[in-house]
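Asks: Shown below is the structure under consideration.
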Amino acid sequence: MSELITRTQVAIIGGGPAGLLLGQLLHRAGIDAVILERQSADHVLSRIRAGVLEPGTVELLDQAGVGARLHAEGLSHSGFELAFDGMSHRIDLQALTGQHVTVYGQTEVTRDLMDARSRAGLPTVYLASDVRLEGIESDSPIVRYVRDGQSHALRCDYVAGCDGFHGVSRASIPASVLRSFERVYPFGWLGVLCDTPPVSHELIYANHPRGFALCSMRSVTRSRYYVQCDLDEKLEDWPDERFFDELRSRLDPRAAATLITGPSIEKSIAPLRSFVCEPMRHGALFLAGDAAHIVPPTGAKGLNLAAADIRLLARGLIERYRHGSTTGIDDYSRRCLERVWKAVRFSWWMTTLMHRFPDSGGFGQRVQEAELSYLVSSAAASGALAENYVGLPFED
C-alpha cells in the first residue's frame, strides 16, 4: 500500500491539553495545524490530572475562545490551608497578591478544547501509531505515522512536541544535543476520586508525622484526596476504608471531623519526580509541556507550566507566519526555561516542605518544622509562597 502524503504548516504531536491549546490558538490566527495522538479521544479524556489554574492560564484559555464553561463551572479560590502540628493556617492569596486561582479539572479543559476543535472541523488523528519525526534539522520536516494500517507522511514547516514524558518528540533529538536534569523522590501519592462534597471549600495541604496529605476537589460534589505513600505500595492493599482512615489521621481535628467519605470512583498511585531537558527547541522541533519538563504536583504547576510554554510557542509561530519574524521562535527555549526552572524550584520547595523524607533524620525534621512556622508567621514568607502559587508574571 502506497504512503499517503499531506501538508500542513504545523504538525502537533500529542492530543492532550497542551497540543489542543496550541492547535486552537493557531487556528484563531489562521495557521493550519494537524494534531496526531497515539491514544483514542476517550482515553485522553480518562486521564485524571490536577485542576488548579493560574490566572495566566485562565486568560490564555479565554484568548483561545474556550473559557465560557470554565467561568460558569470553575471554582474561584482566594486562598488555601496549610495544616501542621494539629492546626490549620490560611494563606490568603487575594490579600497577598490581589489574585486568585481557579479549580477546574484538566479533563474539563481538555474536553472544552476537543469540543472547540470538533466544532471548527479541524483535523485530529487519533490512534496514530509508529510516529516518526524525520528531517527536523531541515526546513521541511516530515512526520510519518500509521493509521488503520495505512502509512502517512505529514509534511510541515514546524513540529510541536506535546506528547509527554514518554513521547517520541524528545527522543527524536540527538543525545549529543540534549541535556537532562532529574530528581526522583522516594515516595508517591496515593490518590482517590469520589463523588462526595469536599472536606473544605479550599485546598488543604497537610504536613504530618505519618506523611503528607492533600484535600482537593473537582467540583462542589466531587473530591480528590491524596496521601503520601511508599513507592512499593499496592492498590489492592488500600481499600477505601483504610485510605480514609489514613487521610483522617493526617488532617487537623476540624477537617478530620467534617470529612465525608464515599466509594472511590478512581484510585491510583503516582510517583513524583522533577525533570527538565535543555534545550526545548532543536531545528524545526519545539518541545512543550511534559515532553520537556515534569514537576511534582505539590505546587500545582504542571498544566500551568505547559500552558505557559504554549503561550510563547503560539506567539512565536504567529509572528513567523504573520510578519516573517523568527525572533519569537528563536528565543522560545531560553524564555521557556527561565520560567520552567523557577516553577521547578517552587515545586521542589513545596514538596520538600510538606513531605516526610526517609533520610531527613531529626535535624531535617526540625528544620522543616521551623520553616513551616516561619512561613505562616511572616508576611514576607507568605507573600513569596502566594506569588509563586498564583503564578509569576509573564515577561512581555
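Asks: Taking the Cβ of residue 125 as the center, what net charge do the other residues with Cβ under 9 Å away carry, scoring Lys and Arg +1 and Asp and Glu -1?
Replies: 0
Asks: Could you identify which residue out of 370, 171, 343 has the top mean-square fluctuation in a GNM of the chain using Cα springs shorter than 10 Å?
Replies: Result: 370 has the largest fluctuation of those listed.
Asks: Sticking with this one: Would you be so kind as to identify which of 18, 360, 125 lies farthest towards the positive end of the dipole of the chain, taking Lys and Arg as +1 and Asp and Glu as -1 on Cβ and the Cα centre as origin?
Replies: The Cα lying farthest towards the positive end belongs to 125.
Asks: When 276, 159, 199 are ordered from fewest to most other Cβ atoms inside 10 Å of their Cβ, what list results?
Replies: So the residues, fewest neighbours to most, are 276, 199, 159.
Asks: Continuing with the same structure: For residue 267 and residue 45 in the same chain, what is the full-extension length gain: residue separation times 0.36 nm, less their Cα-Cα distance, in nm?
Replies: Full extension from residue 267 to residue 45 adds 78.3 nm.
Asks: Quick one: net charge of residue 186's neighbours, Cβ under 14 Å, K/R +1, D/E -1?
Replies: -2
Asks: Would you be so kind as to identify which of 313, 325, 347 lies farthest towards the positive end of the dipole of region 308-348, taking Lys and Arg as +1 and Asp and Glu as -1 on Cβ and the Cα centre as origin?
Replies: 347
Asks: Relative to the longest principal axis of the C-alpha atoms of the chain, give the angle of the C-alpha long axis of helix 302-323, reported between 0 and 90° and rounded to the nearest 10°.
Replies: 30 degrees
Asks: Taking the Cβ of residue 211 as the centre, find all other residues whose Cβ is under 12 Å away and add up their charges (Lys, Arg: +1; Asp, Glu: -1).
Replies: 0
Asks: Starting from region 156-243, pick out the chymotrypsin sites (Phe, Trp or Tyr not before Pro) whose DSSP state is loop and whose Cβ has at most 14 other Cβ atoms within 10 Å.
Replies: The qualifying sites are 165.
Asks: Placing unit charges on C-beta atoms (Lys and Arg positive, Asp and Glu negative, everything else neutral), compute the dipole magnitude of region 190-241 about its Cα centre in debye, rounded to 20. Don't skip to the end; give the middle numbers.
Replies: Numbers: 5 positive and 9 negative charges, 69 e Å.
The calculation lands at about 340 debye.
Asks: A further question on this structure: If I build a Gaussian network model for the chain, linking alpha-carbon pairs within less than 10 angstrom, which residue out of 333, 378, 151 has the largest mean-square fluctuation?
Replies: Result: 378 has the largest fluctuation of those listed.
Asks: A further question on this structure: What is the dipole size for the chain, taken about its Cα centre, with +1 at each Lys and Arg Cβ and -1 at each Asp and Glu Cβ, in debye to the nearest 20? Write down the numbers at each step before the final one.
Replies: On the way: 41 positive and 48 negative charges, 82 e Å.
Dipole of the chain, to the nearest 20 debye: 400 debye.
Asks: Over what distance in Å are the Cα centres of region 160-238 and region 297-314 separated?
Replies: If you average the Cα positions of each part, the centres end up 16 Å apart.
Asks: Among (i) 93, 59, 42; (ii) 66, 43, 42; (iii) 77, 57, 39, which one is Cα extents along the principal axes in Å computed from these coordinates?
Replies: From the options (i) 93, 59, 42; (ii) 66, 43, 42; (iii) 77, 57, 39, the structure gives (ii).
Asks: Let me ask something else about it. Please find, in a Gaussian network model of the chain (springs between Cα atoms separated by less than 10 Å), the residue of 38, 356, 254 whose mean-square fluctuation is greatest.
Replies: Greatest mean-square fluctuation among the candidates belongs to 254.
Asks: Under the rule of -39500 (n - 2.57) per DSSP H run of 4 or more residues, summed and divided by the residues of the chain, what mean residue ellipticity at 222 nm is obtained, to the nearest 500 deg cm²/dmol? Numbers along the way, then the final one.
Replies: Details: 14 runs with 151 residues, N = 396.
It lands at -11500 deg cm²/dmol.
Asks: Just check region 199-351 against the gyration tensor rule for me: Cα atoms, a ≥ b ≥ c as the square roots of the eigenvalues, rounded for a/c under 1.5, and otherwise prolate or oblate depending on whether a/b exceeds b/c.
Replies: On the way: a/c = 2.89, a/b = 2.52, b/c = 1.15.
Judged from the Cα gyration tensor, region 199-351 comes out prolate (a/c at least 1.5, a/b above b/c).
Asks: Tell me which aspartates and glutamates have Cα within less than 20 Å of residue 267's Cα, excluding those fewer than 8 residues away on the same chain?
Replies: Within reach: 42, 108, 195, 230, 232, 233, 236, 237, 240, 241, 245, 246.
FYI, it's all coordinate maths here, none of it is from the lab. From a predicted model like this one, the values you see are computed outputs, not experimental measurements. Neighbour counts are summed over all protein chains in view; Cβ atoms, including those assigned to glycine, are modelled from backbone coordinates with ideal geometry.
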